[in-house]
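A quick write-up on the structure given underneath.
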Amino acid sequence: AVVSTQSTGVEKVDKVDMIELEKSVRQLYDCVKYTDSPLSPVEWDSLSTLLKPQRHNANNTKKMDQLHSMLGGVQTCVAQLRAARTPSRIRIVDFCSGAGHLGIFIAHHFPDCEVVLVETKWGSLRYAKERIAGLGLNNVTLCLSHMGQFRGSFEVGISLHACGSATDAVIQQCITHNAALVSSPCCYGKIVNFSVVEYPQSKLIRGEVPKFPQFMEIARLADHESENEEYMKCVDIDRLEALRDKGYRFLEIRKLKPPTCSPKNNLLVAYR
C-alpha cells in the first residue's frame, strides 16, 4: 500500500523559483524525445465482445485505443525477453487491474504467457472471472491484494492509469523483481512520498529540481488540461531516470495512439 510520509502543502513555490522551475522543465522536455513505435493492427470487429471495454459511448473507442497502445509496449518487452531466452512461460502482472480490461486483452494476445490480475476490489475481480470463463482463457490468475503485498515473481509489470503514486508503486515492484515495465501514468498531482519513494526520485531530476515542493508544483501543473505536456513529461522523465539509476538500459516515453484517446497519454516502457 502507498503510505504518505510528507504533506504536499508544507511549502509554497515563489515567483522567482517558478521562473527557474519552468526553465528547467523546458530544458528537460527538449532533451528527451518521444519514441514513435508502430503498432500491429488489432481487428476489433473480429474479437469477442468480452474482450472489449463494456461502455456504449465514445469512451469505448478511446479505451480500445489505450489497450492497443499498451499491447504494443508489452509486445516490445516480451520480444526482448524471448530474445534473451527467458523461460517460455513469461508471467505478466496487471497491477490495479480493475475488471481486467487490460490484463484479459493481453492474455488473449499472449496465450503462452501467464497473466495475473492484481486488484483490491473483489467485485471487480468477480466480473473479470466471468469474462475469463466466457472467453475460455486458461492463462489468467486472479489475486485479491494490495500491490505492495503481492509477492509472486514476474517478468513484466503493467498498469493503465494507476492513480498518482500507485504508478510508482508498480515501478518499485518491477525493480524488486527485475521485471520489465509498461505503464501509462495518471493523476500526476496526487503523488505523495511513501515508504520506498521520495520525489524527485532520480539523480538527474534532483540536479534540476532539488526540492520536494518544486517537484510537487510540476506534478500539480501536469494535471492541468491545458499546456500540461511539458510537466507530465518532466515527472515521467524522473520515473525513467530512476529506473536507469537501478540498472535499466532500455527506456522509452511513447504516446498512446492517438494521443486524443486520453489527456494522460504518456506510455513508459522499460527493461534491463
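The values are calculated or read from the model by the stated rules, or taken from the named source; none is laboratory data. Since this is a predicted model, take the numbers as computed values, not measurements. Because the Cβ atoms are built from the backbone with ideal geometry, glycine has one as well, and the counts that use them run over all protein chains shown. Just the protein is used for accessible areas: all its heavy atoms, side chains included, with ligands, DNA and RNA removed. Shrake-Rupley method; radii C 1.70, N 1.55, O 1.52, S 1.80 Å.
Annotations for the structure displayed:
Here is a yes/no grid of residues against (1) open to solvent by 10 Å² or more (accessible area, probe 1.4 Å); (2) assigned to a helix (DSSP H, G or I):
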| position | (1), (2) |
| --- | --- |
| ILE92 | no, no |
| GLY98 | yes, no |
| PHE105 | no, yes |
| VAL118 | no, no |
| ALA128 | no, yes |
| ILE132 | yes, yes |
| LEU137 | yes, no |
| LEU142 | yes, no |
| GLY148 | yes, yes |
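- Condition check for TYR29 on (1) part of a helix (DSSP H, G or I); (2) at pLDDT below 80; (3) open to solvent by 80 Å² or more (accessible area, probe 1.4 Å): one failure, at (3).
- Among (1) at pLDDT below 95; (2) surrounded by 17 or more Cβ atoms within 10 Å (Cβ to Cβ); (3) within 30 Å of GLY152 (Cα to Cα) - the single one CYS234 does not satisfy: (3)
- Restricting attention to the stretch 222-259, the residues being assigned to a helix (DSSP H, G or I) and touching a residue at least 12 places away in the same chain (Cβ under 8 Å) number 18.
- Residue within the stretch 196-210 that is of a type outside the set (A, V, I, L, M), surrounded by fewer than 19 Cβ atoms within 10 Å (Cβ to Cβ) and touching a His at 6+ places or on another chain (Cβ under 9 Å) present: no
Yes/no per residue for (1) over 22 Å from TYR127 (Cα atoms); (2) modelled with pLDDT under 95; (3) open to solvent by 60 Å² or more (accessible area, probe 1.4 Å); (4) not in a helix (DSSP H, G or I):
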position	(1), (2), (3), (4)
ASP45	yes, yes, yes, no
PRO53	no, yes, no, yes
ASN59	no, yes, yes, no
LYS62	no, yes, yes, no
SER69	yes, no, no, no
GLN75	yes, no, yes, no
VAL78	yes, no, no, no
ARG82	yes, yes, yes, no
THR86	yes, yes, no, yes
